[in-house]
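A short write-up of the structure that comes next.
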Amino acid sequence: MAVNMNAAPKLTPAETALVEAFAEKVADLPGDPGMMLLRDRAVETIRAGLPTRRVESWHYTDLRRLLTDVPAAHAAVTAKATAPLVAGSTVVLATAGAAGKLPKVDGARIERLATQLLAGELTERLAPKGADDAVGAINAAFVADGVSVTIEPEVVLAAPVELQNIHVGGQVHGRLSVSVGQGAKAIFVERQTGAGAALVSSVAELEVADEAEATWIIVQEQPETTTHLAQLNATIGKNAKLTVFLMNTGGRLVRQELRIVAAGENCEFTLRGVNLLTGSTHTDVTMVLDHAAFGATSTEIIRNVVLGKAQGVFQGQIRVAREAQKTDAKMACNTLLLSDEGEFSIKPELEIFADDVACGHGATVAEIDRNHLFYLMARGIPEKEARGLLVKAFLAEVIEELGDEALVEPLEARLDAWFGANG
Amino acid sequence: MLEIKNLHARIAEDGTEIIRGLNLTVKAGEVAAIMGPNGSGKSTLSYILAGREDYEVTEGDILFNGESILEMDPAERAAKGIFLAFQYPMEIPGVATMEFLKVALNSQRKQRGEEPLKVADLLARVKKAAGELQMDMGMLKRPLNVGFSGGEKKRAEILQMKLLEPKLCVLDETDSGLDIDALKIVADGVNALRSPDRAMVVITHYQRLLDYIVPDSVHVLYKGQVVKSGDKTLAHTLEAEGYAGVLGEAA
């Protein structure tokens, strides 16, 4: 690509901070020469400018404009694990991206990623996925550690594995690498939280092998001073099932990307998400779902509640390959706009190259249904409480689809806590 | 108990006047039937009693036990003891019926300064009331009215009425969509609530319901006014002669 160096834009304070942080840290970052080359290339893409609204996949989230500052990097610290979402879970703690003491679980291998990074074993997987993959580039440049979990074939994990990434401010780059072996069954909770202003990049790789069944629950509860840039890259094998549940309740600037490949025949993908947005925050959920094989089924439902001046975005792209006949894909995004100053932008996209498929999408933006409100009030429920009940119902509907009470109850409790603090 | 005096009301959105000088008094212990042709303002009257914002009272007053209710919102009216059994009960996805019953009961109790019900007590009450209405408890685990048949929705309304023990029950076309067996069950439920300190306003288009819920008084509503009142025989006259006959006489 011919680039006129004179026309290169002046770096923003955030870009400058990232480039300088890299210069300071590079000597300490783990990696073989191949990995270090990858890091160099990644930082060059940051230097060339973070994506703006002119980049299609970032149209509603102008990262260059919205990422106004990057906090200084902190020295290594240790945070305490937080109580897991589901009692009895195996908690794997990473503080600011660095793995802590690792628990032992029968049928699973839990390891830290630093060694694999050092050996260059992860280089291929860390490569950013395309020129517009800013989240991948930032993560690849800086990531120094993380956690890998391997579930052996045919193992059914009794308790969820909760992967906690907890920060105490600063620059936080974490990585998760999880594989669920053939015929195995497991529940994972990705918990993203912390205290203080931080720039977090977190990339998770998930491989669900043939006949396996995985549930991946993302609970993002960052403080309102934190920028959270995250990515889940998942591949689903033949006859395998993956359910992703996403709950965004925090963060100042949030981009959660979901890049899913329905790679095996007759696999099933389910995405349910709730975004609870308030204040002057900006939250973007961007999904790219590739239906690459015959007969796969997918459904996605995202529910949003917008208060204050919050801005929300959902981009959902479903690509159906020529060989993915009999694909059945349905996507919906429903928003309750409870403030005149809030906004939610929705961009559904279907790219279909097979001819025998059922694909659909729908989007609604509404206020609370006045008829419903009247009905509840006519039974003696005061207006504020009745509104709360209806908003919660709107969200609870998708949470309850998880079916498992052990998951539904604590997630609904998170809802209640959020409305207690923000309603 | 209920005094409606020279009530005028219009649709808030477009100003169409629906109620045009309506007068009606219902005493404690009385079951008053409101009959009238389509478009006479029957359902509007029920909504105005419950406090729906879509209607604007421009003149007159509604007194409940001597107190004007016009400034009260629907929840306050309900807590005072006014209950509307909807013609078309709302389906509310995501709100479990049991949870709704608990919140409604306890909200009313709280507004009246009473202690919340204990879960076991609530369950016992719901079980008893559901049994009397031949309702399956499994239904109550489902979201409120979602997927209920027309008859099930009407029973669920009466179930709520039994549990909330209102002082004034307004039943809007409770017979619509019911087959004869369901109608008998619902009517039995309503009759069981008749008491000297409770009043009922039964709104219906047809006389059929009044064979099962026998009214003390019958009032004919036409163009937003009560144009004729009488005892239960008026309902039979209406059935025999039609609204045209009776209204011709009134006009």
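Numbers below:
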read-out: Test for B:Ala156: is it at pLDDT 90 or above and in contact with a Pro (Cβ under 7 Å, 6 or more places away or on another chain); value: yes
read-out: Lone unmet requirement of (1) assigned to a strand (DSSP E or B); (2) touching a Lys or Arg at 6+ places or on another chain (Cβ under 7 Å) for B:Ser40; value: (1)
read-out: Helices (runs of 4 or more DSSP H) completely within the stretch A:87-177 that count 2 or more residues being within 19 Å of the chain's Cα centre (by Cα); value: A:123-126, A:134-142
read-out: Criterion violated by B:Tyr206 - all others in (1) of a type in the set (Ser, Thr, Tyr); (2) crowded, with 19+ Cβ neighbours inside 10 Å; (3) at pLDDT below 90 satisfied; value: (2)
read-out: The lone exception for A:Arg53 - which of (1) part of a strand (DSSP E or B); (2) among the charged types (D, E, K, R); (3) in contact with an Asp or Glu (Cβ under 6 Å, 6 or more places away or on another chain) it fails; value: (1)
read-out: Considering residues of the stretch B:60-76 that are in a loop (DSSP other than H, G, I, E, B) and not polar (S, T, N, Q) only, the residue farthest from the other protein chains (Cβ to nearest Cβ); value: B:Gly66
read-out: Hits in the stretch A:370-390 (condition: at the interface with another protein chain (Cβ under 8 Å from one of its Cβ atoms) and either within 35 Å of the chain's Cα centre (by Cα) or part of a helix (DSSP H, G or I) (or both)); value: A:Arg370, A:Asn371, A:His372, A:Phe374, A:Tyr375, A:Leu376, A:Met377, A:Glu383, A:Glu385, A:Ala386, A:Leu389, A:Leu390
read-out: Members of the stretch A:191-211 found to be charged (D, E, K, R) and under 15 Å from the mean Cα position of the chain (by Cα), listed by number; value: A:Arg191, A:Glu205
read-out: Only one of B:Ser46, B:Ser40 that is among the hydroxyl-bearing types (Ser, Thr, Tyr) and surrounded by fewer than 22 Cβ atoms within 10 Å (Cβ to Cβ); value: B:Ser46
read-out: Per-region count, the stretch B:77-117, residues closer than 13 Å to A:Arg379 by Cα, more than 9 Å from chain A (Cβ to nearest Cβ) and not in a helix (DSSP H, G or I); value: 2
read-out: Residue list for the stretch A:275-301, filter: in contact (Cβ under 8 Å) with a residue 60 or more places away in the chain, within 19 Å of the chain's Cα centre (by Cα) and outside any strand (DSSP E or B); value: A:Thr278
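Let's see how each residue does on (1) touching a residue at least 24 places away in the same chain (Cβ under 8 Å); (2) under 17 Å from A:Thr270 (Cα atoms); (3) assigned to a strand (DSSP E or B); (4) in the same structural domain as A:Leu277 (by TED's automatic domain parsing):
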{"residue": "A:Arg303", "(1), (2), (3), (4)": "yes, yes, yes, yes"}
{"residue": "A:Lys309", "(1), (2), (3), (4)": "yes, no, no, yes"}
{"residue": "A:Val313", "(1), (2), (3), (4)": "yes, no, yes, yes"}
{"residue": "A:Cys333", "(1), (2), (3), (4)": "yes, yes, yes, yes"}
{"residue": "A:Phe344", "(1), (2), (3), (4)": "yes, no, yes, yes"}
{"residue": "A:Pro348", "(1), (2), (3), (4)": "yes, yes, yes, yes"}
{"residue": "A:Gly360", "(1), (2), (3), (4)": "yes, yes, yes, yes"}
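The values are calculated or read from the model by the stated rules, or taken from the named source; none is laboratory data. Nothing here was measured: the structure is a model prediction, and the numbers come from that model. Glycine also receives a Cβ, built like all others from the backbone with ideal geometry; neighbour counts cover every protein chain displayed.
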